[in-house]
Amino acid sequence: QKSSQNAAAPLSNELDMSAYWMPFTANRQFKANPRVLVEAQGMHYTAMDGRKVLDGVAGLWCVNAGHGRREIAEAVERQLLTMDYATAFQIGHPGAFELAARIARIAPEGLDRVFFANSGSEAVESALKIALAYHHARGQAQRTRFVGREKGYHGCNFGGMSVGGLVNNRRAFGALLPYVDYLPHTLDIKRNAFTKGQPEHGAELADALEGIIALHGADTIAGVIVEPMSGSAGVILPPKGYLERLRAICDRHGLLLIFDEVITGFGRMGAAFASQALGVTPDIFTVAKGITNGAIPMGAAIAKREIHDAIMQGPEHVIELFHGYTYSGHPVACAAGLATLDIYESEGLFERAAALAPVWEEAVHSLKGEPHVVDIRNTGIVAGMELEPRADGAGKRAFDVYQDCFANGVLVRQGGEIIALSPPLIVTESQVGEIVDALRNALRRVA
Ligand code: PLP
């Protein structure tokens, strides 16, 4: 049924799609067979042809409180009409201070200094630069090397791309940051297939960090950046004990441990942040996405107070950290962020995610045994399902499954051979069932 508001919207085949160069999209394939969304409310989108589509991925891991939240829209409107913008450089506005304080309150103990950016990618650049500036301020300017991890995703700007470990994101872009080394990834389907939650095997993979340190010398390394749970690479959980080992090695050698929580932040894993869900505390972490429920772009790097304080030196009239964006702490994004945190808190959404997690786990693992499923991984309200590749091309089977689900009213995410699921934290048990049924049917239909 067509929605009344958009009844006059042109059908997608009447849209001129040529000018828009779409991000992370197979443009030619898409434009030959477009999927266009026009409305969103609660757990559902409305497609341009009027069909309802259940959102199995919270937009893109960001709309944790569900779509169309009036409280956020009203806060944004109020802020736009009160003060649309003020420079963030040498000027403040109340919302930025309030939001930073609110984030500090729910962050792990000791991480209470918040540097705002406008996306996950910028949050990562900010975190890397803060790490370098910290060592520089402490007289260790030679610590310029970073350690990332294979299959890591840290956004697509040059710093994040350099420490990231997804080959397609790097291949076309030539020389990157010169001083980066990589830990092995922790995906081990042979030993860990169909594990519920954190896998048993692989903690020892963290010891590769000792080898990297031995090769380059600890005094050349600024820090280690990992996603506590790799999202983009296909929901790869840290083996039990792995993050603890990374933490211990970093401590032993004076390396900063940076967690990229752009996906895992704000309740996805059943706690405010993955570090709390997993019990390992980083020195700096990044957030974005869920910070504003996806409504307004925003990101942040959040550092331990000692890191901040070490950089606060030199003459008081001199800027301590020469870094920031025109839109750092944008008043409208801050208003959206504050309204979002209010919703998370008043509706207890992080606790809701934790309570629903066992139901979610059982539901997604019920797909074990369906055609071509080689692994299912889950935590909190997130899951990844890996399919056997098909002879006609990498990722083609998973893309067919994705398309089948979309045609049948459920939006999932596909990357390579993986289908990822991360619905808004307001998802009901029956909607969990709908998502899983759509996948089951798709798997049985797709060759
Ligand atoms: N870091 C991680 C772990 C992410 O998953 C993403 C995006 O998915 C990013 C960084 C980049 O965020 P953005 O697309 O907002 O720049």
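Nothing in this text is a laboratory measurement; each read-out follows from the coordinates by a stated rule. Predicted model, so just to flag it, every value in this text is computed and none were measured. Heads up, the Cβs are rebuilt from the backbone with ideal geometry, glycines too, and the neighbour counts pull from every protein chain shown.
Which value, in debye to the nearest 20, describes the size of the charge dipole of region 357-447 about its Cα centre when Lys and Arg Cβ atoms bear +1, Asp and Glu Cβ atoms bear -1, and nothing else is charged?
I would put it at about 180 debye.
Which whole-number percent gives the relative contact order of the chain, counting Cα pairs below 8 Å spaced six or more residues apart?
For the chain, the relative contact order is 21 percent.
Could you check the spin-label model distance between ALA193 and MET83? Points 7 Å from the Cα along Cα→Cβ, value in nm.
5.9 nm
Can you give the charge dipole size of region 71-346 about its Cα centre, rounded to the nearest 20 debye, using +1 on the beta carbon of Lys and Arg and -1 on the beta carbon of Asp and Glu?
680 debye
Taking the Cβ of each residue in GLU429, GLU227, GLU417 as the centre, tally the other Cβ atoms inside 10 Å and list the residues starting with the fewest. Let's see the in-between values first.
Numbers: GLU429 10, GLU227 25, GLU417 21.
By the 10 Å Cβ count, ascending, the order reads GLU429, GLU417, GLU227.
Report, ordered by chain and residue number, the aspartates and glutamates lying within cross-link reach of LYS31, taken as a straight Cα distance under 16 Å and ignoring same-chain residues fewer than 8 apart.
Within the straight-line cut-off, LYS31 pairs with GLU14, ASP16, ASP49.
If R₀ is 30 angstrom, what is the calculated FRET efficiency for the pair ARG28 and THR326, using the beta carbon separation as r and rounding to 0.05?
The value I calculate is 0.30.
Show me the ranking of peptides 189-197, 146-154, 357-365 by mean Cβ neighbours inside 10 Å, starting with the highest. It would help to have the intermediate numbers written out before the result.
Details: 189-197: 14.3, 146-154: 24.6, 357-365: 17.8.
Ranked by mean Cβ neighbours within 10 Å, highest first: 146-154, 357-365, 189-197.
Given the chain, what percent of its DSSP beta bridges are antiparallel, to the nearest 5?
Of those bridges, close to 65 percent are antiparallel.
Roughly how many nanometres apart are two label points built 7 Å out from the Cα toward the Cβ at ALA214 and GLU306?
Those two pseudo-labels are separated by 2.7 nm.
Go through 321-334, 247-260 and give me the packing order, highest mean Cβ count within 10 Å leading. Don't skip to the end; give the middle numbers.
Values: 321-334: 19.2, 247-260: 21.2.
Per-residue Cβ counts within 10 Å, averaged per peptide and sorted highest first, yield 247-260, 321-334.
For region 296-447, just say rounded, prolate or oblate: build the C-alpha gyration tensor, square-root its eigenvalues into a ≥ b ≥ c, call rounded for a/c under 1.5, and beyond that prolate if a/b exceeds b/c, oblate if not. Can you show the working numbers first?
Numbers: a/c = 2.75, a/b = 2.01, b/c = 1.37.
The shape class here is prolate.
Could you name the lysines whose alpha carbon sits less than 20 Å from that of LYS190, not counting residues in the same chain fewer than 8 places away?
LYS151, LYS240, LYS368
Under the classification rounded if a/c is under 1.5, otherwise prolate if a/b is larger than b/c and oblate if not, where does region 108-170 fall, given a ≥ b ≥ c as square roots of the Cα gyration tensor eigenvalues?
Because a/c hits 1.5 or more and a/b fails to exceed b/c, region 108-170 counts as oblate.
Indicate the gyration tensor shape class of the chain (rounded, prolate or oblate), computed on the Cα atoms with a ≥ b ≥ c the square roots of the eigenvalues: a/c under 1.5 is rounded; otherwise a/b larger than b/c is prolate and the rest oblate.
Judged from the Cα gyration tensor, the chain comes out oblate (a/c at least 1.5, b/c at or above a/b).
Between LEU177 and GLN313, what is 0.36 nm times their sequence separation minus the Cα-Cα distance? Round to one decimal in nm.
46.2 nm
Testing the spin-label approximation: label points 7 Å from Cα along Cα→Cβ at GLU351 and LYS368. State their distance in nm.
Taking the two extended label points, one gets 3.2 nm.
Which value in deg cm²/dmol, rounded to the nearest 500, describes the helix-derived mean residue ellipticity at 222 nm for the chain, given -39,500 (n - 2.57) per DSSP H run of n ≥ 4 and division by the residue count?
So the calculated ellipticity at 222 nm is -11000 deg cm²/dmol.
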